[in-house]
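A quick write-up on the structure given underneath.
The values are calculated or read from the model by the stated rules, or taken from the named source; none is laboratory data. Treat the numbers as computed from the prediction; the structure is a model and nothing was measured. Virtual Cβ from ideal backbone geometry, glycine too; neighbours counted across all protein chains shown. All accessible areas refer to the heavy atoms of the entire protein, side chains included, with ligands and DNA or RNA removed. Shrake-Rupley method; radii C 1.70, N 1.55, O 1.52, S 1.80 Å.
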Amino acid sequence: MKKDLILDFKDNSKNIVNKIKGLSPHYGAKFNYEDKVYKIFDAEEIKSSAIEVPGTILNSDEKLIIKTKDGAISVKVIQAPGKKAMGIDDFLRGNKIEENYVIGGK
């Protein structure tokens, strides 16, 4: 996996969202979750005063919120390994992402 495609949640939200948009729709920005590689194709910056470490999944109920260095991002379009890209609502109905799980950096 090319390092350029991997998200580093220790970066600030704006840079992460720009990277996601820059890699979409051809590549998708990637992250590892439980030894599987997921791709994000769209996300937005959100304000967060959470004190968790960057990469922590803050919410995975109806939205997928991931902590960054200076706030958080809300994932809008995601692709699981071997599946089609889908909106986060549909994805979370069929996939469980554990809150408080910390996604590793680079």
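Between amide H atoms placed 1.01 Å from N, distances below 5 Å from Ile46 occur with Ala72, Ile73, Ser74, all of them 5 or more places distant or on a separate chain. Each peptide in 91-97, 52-58, 73-79 gets a packing score, the mean of other Cβ atoms within 10 Å over its residues, and the list from highest to lowest is 73-79, 52-58, 91-97. Among the listed values (i) 28, 18, 13; (ii) 18, 16, 13; (iii) 49, 18, 8, the one matching semi-axes √(5λ) of the Cα gyration tensor in Å as calculated from this structure is (ii). When the pairs Lys19/Lys69; Lys14/Lys69; Lys47/Lys84; Lys21/Lys63; Lys69/Lys96 are compared against a 21 Å limit on Cα-Cα distance, Lys47/Lys84; Lys69/Lys96 fall above it. Shown in residue order for segment 8-18 are the 3J(HN,Hα) couplings computed by the Karplus curve 6.51 cos²θ - 1.76 cosθ + 1.60 at θ = phi - 60°: 10, 6, 7, 7, 7, 4, 4, 4, 5, 5, 4 Hz (x for Gly and Pro). Amide H contacts of Thr56: Lys67, Ile103, each under 5 Å away and 5 or more positions distant or on a separate chain (H built 1.01 Å from N in the peptide plane; Pro and chain starts excluded).
The residues of the chain expose, per residue, 60 Å² of accessible area to a 1.4 Å probe. Ranked by the mean number of other Cβ atoms within 10 Å of their residues, highest first, the peptides 60-66, 22-28, 34-40 fall in the order 60-66, 34-40, 22-28. Annotation: amide H-H contacts under 5 Å for Ile6 (H modelled 1.01 Å from N, sequence separation of 5 or more, or interchain): Lys30. Surface composition of segment 42-98: carbon plus sulfur atoms hold 47% of the accessible area, using a 1.4 angstrom probe and ignoring ligands, DNA and RNA. The 3J(HN,Hα) values that the Karplus relation (6.51, -1.76, 1.60; θ = phi - 60°) gives for segment 58-73 are, in residue order, 7, 8, 9, 7, 10, 10, 10, 10, 10, 5, 10, 4, 10, x, 7, 10 Hz. Gly and Pro appear as x.
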